[in-house]
């Protein structure tokens, strides 16, 4: 996923920038960067690899070197950024967040337009942020360029441009990820997560809409291009990615997860399932489990504890085997809460199934009598086209799609997948039962999509649910 943050201020903004980016570390995987506009009228920048060390330890030594009253920065999935650009539009720094599906086509278009070369390479391909800059530079102004880039890109991209003492902010075309402006005396910030600026003294002033372009100075926010009406906010922000105090579109992550757990419990009450304890898979499953426990009256407990001092979120390493290893190593059992107990666990999702299957085996090895699993979202049937949630190189990485292929062979049509996504169909029920057997669960019930949408409380047409139902 990744995150981004920017500040414009009367005073040196570097500390606010540093902490604002750091508060996005729960979203980060590989690299991070900061760029500032100096009092000398130039740009200064620092980029570090954060795969094996947290943001703070890599960047705290840069704080004495970087000085400026405006700056942007990021936690990045892959590409080194922010990039410093010199073009006919002037000098600027740029950072992006999202996924571009038509990279090759856009690179070819840039060459046809007259762009001679790309300098930045990441993982054997053109740096996506440099490509976005090349698109922007085809127009006569940064505002025009941002709108042009959004129109040309297939996927989802949000963009921050630091141009001297001001920041241009462009939310992705359909608003799948947020951009929120905060304000305090003498300064404004722009952030992916609103909670990232609370302790810095900022309060929320404006949430950009889909495809909106805004110009931010220390004194005001000027809307350069009004938001589009069509909105498709990623529903996974509430289920998994979002940090608990974060709020998107007026809906708080922690509060939504309580409602989600409550609705899971109501479905279970129909079947009179009564485990001894309810637990959440740390960290994102915990609030869902609290909601379930509050509704069901079944005690909430923590039968295993995540060792937080050193282990990152398990999606962070790029290597799947390493992610699975970390997922296993970071959970430490509390034997007294496991032995001879019937446990109901809530996780945010089941992707490949490997980690949750190993966790279940680990609980049985520690004496658990039963392990009931309640994922906080529906079965994932489609790899994310917009934010790289599942990191799947193939949709057959998804346990659901492997089972469907085994059942249907090469006859996996759109209509077939639609039936497997329907929680009232026999194919759906058979798929869930097969997942249950393969992963060793006592019982398995996924959150229904209609219940998930109700948990969020937004108009269904305003939510992206592609990974569950394939609808764009």
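The values are calculated or read from the model by the stated rules, or taken from the named source; none is laboratory data. Remember, predicted model here, so these are calculated numbers, not experimental data. FYI the Cβ positions are ideal-geometry reconstructions off the backbone, even for glycines, and counts take in every protein chain you see.
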*Considering the range 400-452 alone, what residues qualify as being outside any helix (DSSP H, G or I) and either over 28 Å from residue 358 (Cα atoms) or touching a strand residue (DSSP E or B) at 6+ places or on another chain (Cβ under 7 Å) (or both)?*
410, 411, 412, 413, 424, 425, 441, 442, 443, 444
_Quick check on residue 22: is it closer than 14 Å to residue 218 by Cβ, in contact with a strand residue (DSSP E or B) (Cβ under 9 Å, 6 or more places away or on another chain) and surrounded by fewer than 24 Cβ atoms within 10 Å (Cβ to Cβ)?_
no
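Listed here are the residues, each with its yes/no results for (1) closer than 19 Å to residue 286 by Cα; (2) crowded, with 23+ Cβ neighbours inside 10 Å; (3) touching a helix residue (DSSP H, G or I) at 6+ places or on another chain (Cβ under 8 Å).
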position: 339; (1), (2), (3): no, no, no
position: 342; (1), (2), (3): yes, no, no
position: 358; (1), (2), (3): yes, no, yes
position: 371; (1), (2), (3): yes, yes, yes
position: 382; (1), (2), (3): no, no, yes
_Can you go through 163, 141 and tell me which one is surrounded by fewer than 24 Cβ atoms within 10 Å (Cβ to Cβ), in contact with a helix residue (DSSP H, G or I) (Cβ under 8 Å, 6 or more places away or on another chain) and in contact (Cβ under 8 Å) with a residue 12 or more places away in the chain?_
163
*Pull up the range 230-243, narrow it to residues that are in contact with a strand residue (DSSP E or B) (Cβ under 8 Å, 6 or more places away or on another chain) and either modelled with pLDDT of 95 or more or not in a helix (DSSP H, G or I) (or both), then point me to the one that is surrounded by the most Cβ atoms within 10 Å (Cβ to Cβ).*
238
*Residue in the range 149-156 that is surrounded by 24 or more Cβ atoms within 10 Å (Cβ to Cβ), touching a strand residue (DSSP E or B) at 6+ places or on another chain (Cβ under 6 Å) and in contact (Cβ under 8 Å) with a residue 40 or more places away in the chain present*: yes
*Go through the range 31-83 residue by residue and tally those that are in contact with a strand residue (DSSP E or B) (Cβ under 6 Å, 6 or more places away or on another chain), part of a loop (DSSP other than H, G, I, E, B) and either surrounded by 17 or more Cβ atoms within 10 Å (Cβ to Cβ) or in contact (Cβ under 8 Å) with a residue 60 or more places away in the chain (or both).*
9
*Quick one: residue 367 ticks every box in (1) modelled with pLDDT under 95; (2) out of contact with any strand residue (DSSP E or B) (no Cβ under 6 Å at 6 or more places or on another chain); (3) surrounded by 15 or more Cβ atoms within 10 Å (Cβ to Cβ) bar one, so which box is it?*
(3)
